[in-house]
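For reference, the structure is listed below as structure tokens.
The values are calculated or read from the model by the stated rules, or taken from the named source; none is laboratory data. Since the model is a prediction, treat every value here as computed from it, not as a measurement. Cβ atoms come from the backbone with ideal geometry, glycine included; neighbour counts cover every protein chain shown.
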Amino acid sequence: MTLFLAQALDPEGPVADSAAGLWWLMLALGVAVFVVFAAVLAVGLFRTRPGDAPESGSQPSDRFGPWLVGGGVAMPLIIIAVVFAATVHAMRDVPTTAPVGALVVEVVGHQWWWEVHYPAEGITTANEMHIPVGRPVALQLTSADVIHSFWVPALGGKLDLLPDYTNTLVLEADEPGRHVNRCAEFCGLQHTLMGMDVVAEPPEGFAAWVASRQPPAADPASADARRGLGVFLGAGNCASCHTVRGTEATGSRAPDLTHVAGRASLGAAAVPNTPDQRARWVSDPHTSKRGVAMPATDISGDELADLLAYLDGLR
Ligand code: CUA
């Protein structure tokens, strides 16, 4: 797993590709400037000895004039012009409106999780996004509370999610891969644990994922799970915040749980979605993610086991 920021230099899509090219150009220019100026400095140190007097009749400014004009004015202007031209060129590769045929995905930032809708496909999920390789994806970004920022370095630049405003970010993946989108705008206590799994997969794999996410929740498959649904709707009070499509749970404050057991992580990529972590999360999510809006529950024993059996069936 590459370091998160370093993924920007391992681009897997056209937008990230041009941003990475720009970064390498700026690094090369920066290194060239450093080498040239270090060489000039070294020569100056080598040739000037303490006690050297200026040549008679000439001022230091006369001797250094060409260096000042060349190194202090002309060279920076040329370098800035080159970087400016390369930046404008790279910006042309970044679409600002949804291209024809793009997959539209609506993303709503919350403290501290991601609500995700696929309007044409009729999917609502949270903290996971699947995209098809080779097709542009137009993300419609907005926020339910404060400013967040969407950033998958391997796929493209970042863009803010603003309350009462929709920004469009167009991404495309060239190859299959699993990435993490990390919130890139400080948004409160758990800003660092506001992640989302972004999975780029071949069109068939994406179609299979869509088909798996479209149906309402499966009916509980066992007696334990059936009692678990009762806990979910009753004592657990889960339904006041969460939706499970196909049941009476229609809360909208917290992630949709219709297919929660099929997701890779819990709590916006805070912890892996294993049975142990689910048990811990349901009992007291604050041990996994301090400050999370979900309260600890006093569900325990058989009730907890039944509730976990129910959640385990939501795939
Ligand atoms: Cu959301 Cu930082």
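Some notes on this structure:
- Exactly one residue out of Glu115, Glu121 is among the acidic types (Asp, Glu) and within 16 Å of the ligand (Cβ to nearest atom), and it is Glu115.
- Qualifying residues in the range 156-170 (those that are away from the ligand (no atom under 15 Å from the Cβ) and modelled with pLDDT under 90) - the one surrounded by the most Cβ atoms within 10 Å (Cβ to Cβ): Gly156
- Which listed residue, of Arg135, Arg92, is away from the ligand (no atom under 16 Å from the Cβ), closer than 17 Å to Val15 by Cα and free of Cβ contacts under 8 Å to residues at least 40 places away in the same chain: Arg92
- Tally, over the range 213-245, of residues that are exposed (fewer than 15 other Cβ atoms within 10 Å of the Cβ) and touching a Ser or Thr at 6+ places or on another chain (Cβ under 7 Å): 1
- In the range 140-150, of all residues being crowded, with 22+ Cβ neighbours inside 10 Å and either within 11 Å of the chain's Cα centre (by Cα) or at pLDDT below 95 (or both), the one that is nearest to the ligand (Cβ to nearest atom) corresponds to His148.
- Which listed residue is part of a strand (DSSP E or B), surrounded by 20 or more Cβ atoms within 10 Å (Cβ to Cβ) and without any contact (Cβ under 8 Å) to a residue 40 or more places away in the chain, from Val105, Val116: Val105
- Residue within the range 173-196 that is assigned to a loop (DSSP other than H, G, I, E, B), more than 16 Å from the ligand (Cβ to nearest atom) and acidic (Asp, Glu) present: yes
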